[in-house]
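This report concerns only the one structure given below.
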Amino acid sequence: MIAIKKKYAVVFMSLIVVGISSFLHEDDYVADLGLGMTVSGDKYVDSGNWVFNCHNGDLIKKDDILFPDFDGNDLMNHLLAKSYDFSRNLSKKSVLNGFFQLSDWQGRLEYSTSKLSPYSIGISRNTWTTRFVNDNKEEYLIYVINDRLDKLNEINEWSLLVSDYSPEKIYQKGELINLAISSCDKEQILDY
């Protein structure tokens, strides 16, 4: 009987020690988003599949994520409806129409980053980008963003951004990874 009580006492004490140590453990990869909001990328970095930016909460997946295979017209119409007030900038609407008319427009989008939200569990917001040149030889950056609002029900909201292209605005994936690595005090795994 005494042996059983000692066994339970040891198990109970072990649980207390584990609980206290996990409570006191500080995350190594944290982004402070201001106003008391922080997000941790530890579990993603520890998985070896992601690199985390401690300045802005961006995650960069070491392997590319392909753009989802949607019916192009349905997604295009949704994105155009949710995006800019095109009455103020008709040139951007024509850029988008030209881009979506390309037969392989989805294949031209390159996965760039994901963002962690303090309000949701897991990743919310995957972003794909591409550079597009219109008939007037003007260059634009197109961002297609998947905002995951409810991870449990897999409800996704899509949005679209278009901006004038300038070299300082766009980073290749390798550059984004290097920026993320240099943003944190603790070293992140580099091999991929």
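So that you can scan it fast, the table gives a plain yes or no per residue for (1) surrounded by 17 or more Cβ atoms within 10 Å (Cβ to Cβ); (2) closer than 13 Å to Phe67 by Cα:
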site	(1), (2)
Leu96	yes, no
Phe99	yes, no
Ser103	no, no
Arg108	no, yes
Tyr111	yes, yes
Leu116	yes, no
Thr130	yes, yes
Val133	no, no
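Among residues belonging to segment 121-141 that are touching a Leu at 6+ places or on another chain (Cβ under 7 Å) and in contact (Cβ under 8 Å) with a residue 40 or more places away in the chain, point out the one that is farthest from Glu168 (Cα to Cα).
Out of the qualifying residues, it is Ile123.
Every number here is computed from the coordinates shown, using simple stated rules; none is lab data. None of these values were measured; they are calculated from a predicted model. Cβ atoms come from the backbone with ideal geometry, glycine included; neighbour counts cover every protein chain shown.
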